[in-house]
Ligand code: GA4
């Protein structure tokens, strides 16, 4: 079996950057412009004053930490749990995770995840509802900023009852060794291990929340990794492959990864907003002009997902759908 390399190489250039910050309480036309610019230049931005209650986020984080604290033997019995192995084609990382569908599953699903499955279920539902609403609001601001007449052209897909969105808790262990004298020491990149290797997100939009532990890096240029500082007050939002296609290449689905370079556990919760399986992925007509001809073939999310799972984590699957 071929496995992905777990160590980052010293040939990589590390260049920390600050992501654009979008304040959702600011004036609407300022917000739409900022979002469009961020998605064109970075594919990523932080959003503050996002409206998801602090308490909803805190409960979700607590539920995640409680779950990962359970004995390995118990966690390993759960079909929704994974450790080290990512996808089905030999990729590995220093990570354990829980992958949940966002369509309300029966409480039975959560029997071994939590001591009180009904509490876990309501915590996850409240969080999912909060981030889905946030994702829809952002997608509507994007449509407006891009001059798409149908404001719900993007958001409708993830609001659909049969949307294939997923929620993922990722838990990254610290490097507990002699270098770790001071728990708050600034990250050293010399002992970096890859928690989740380089990839782009296949769906429409990702809403990521992490605790105050660094690790996320994006790559705006080949061979250069840009660490981004965590902000527990913000959600980190990124463009997925499908949104790159639906904006006919104006927005970019940027490669990113997570490294475990801290002395503390990093935990993140990602909401991956996806359309229903049978949805056709086509840009609204205003996105295609003589100056910007259509770049991608038409396909369904089911077709794209099938290709995604047949390839390695870091492969640029979107290129297979170019005209
Ligand atoms: C990356 C984004 C999401 O975490 C995910 C991942 C999925 C998985 O872990 O099962 C994939 C990966 C992600 C992209 C390529 C394929 C599929 C692992 C993998 C090797 C849940 C998703 O939708 O795509």
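The values are calculated or read from the model by the stated rules, or taken from the named source; none is laboratory data. Computed from a prediction, not measured in an experiment: that's the story for all the values here. Using ideal geometry, Cβ is built from the backbone for each residue, glycine included, and neighbour counts are taken over all protein chains shown.
Among the residues of the range 210-224, what is the count of those that are surrounded by fewer than 24 Cβ atoms within 10 Å (Cβ to Cβ) and assigned to a strand (DSSP E or B)?
The number of residues fulfilling the criteria is 6.
Do we have residue 245 as crowded, with 24+ Cβ neighbours inside 10 Å and either more than 29 Å from residue 96 (Cβ to Cβ) or away from the ligand (no atom under 16 Å from the Cβ) (or both) here?
Judged against the criteria, residue 245 is a match.
Show the residue pairs that are 6+ apart or on different chains and have beta-carbon atoms under 9 Å apart, the first residue being within the range 82-93 and without any contact (Cβ under 8 Å) to a residue 40 or more places away in the chain, the second being near the ligand (Cβ under 9 Å from one of its atoms) and assigned to a strand (DSSP E or B).
Cβ pairs passing all conditions: 82/97; 82/99; 83/97; 85/91.
Out of all the residues in the range 40-55, is one or more touching a residue at least 60 places away in the same chain (Cβ under 8 Å), in contact with a strand residue (DSSP E or B) (Cβ under 7 Å, 6 or more places away or on another chain) and in a helix (DSSP H, G or I)?
No, because not a single residue in the range 40-55 is touching a residue at least 60 places away in the same chain (Cβ under 8 Å), in contact with a strand residue (DSSP E or B) (Cβ under 7 Å, 6 or more places away or on another chain) and in a helix (DSSP H, G or I).
Can you name every residue in the range 264-288 that is within 16 Å of the ligand (Cβ to nearest atom), surrounded by fewer than 23 Cβ atoms within 10 Å (Cβ to Cβ) and in a loop (DSSP other than H, G, I, E, B)?
276, 277, 279
Failed condition for residue 62, given (1) surrounded by fewer than 19 Cβ atoms within 10 Å (Cβ to Cβ); (2) in a strand (DSSP E or B), with all others met?
Here residue 62 clears every test but (2).
Would it be correct to say that residue 308 is surrounded by fewer than 22 Cβ atoms within 10 Å (Cβ to Cβ), touching a residue at least 24 places away in the same chain (Cβ under 8 Å) and within 16 Å of the ligand (Cβ to nearest atom)?
Yes: the conditions hold for residue 308.
Take the conditions surrounded by fewer than 22 Cβ atoms within 10 Å (Cβ to Cβ) and either under 30 Å from residue 136 (Cβ atoms) or modelled with pLDDT of 95 or more (or both) and apply them to residue 250. Does it pass?
So residue 250 passes the test.
For the condition assigned to a strand (DSSP E or B), at pLDDT 90 or above, within 16 Å of the ligand (Cβ to nearest atom) and within 16 Å of the chain's Cα centre (by Cα), what is the one hit in 131, 95?
Among 131, 95, only 95 is assigned to a strand (DSSP E or B), at pLDDT 90 or above, within 16 Å of the ligand (Cβ to nearest atom) and within 16 Å of the chain's Cα centre (by Cα).
Can you tell me which residue in the range 191-209 is surrounded by the most Cβ atoms within 10 Å (Cβ to Cβ), limited to those that are in a strand (DSSP E or B) and within 11 Å of the chain's Cα centre (by Cα)?
205
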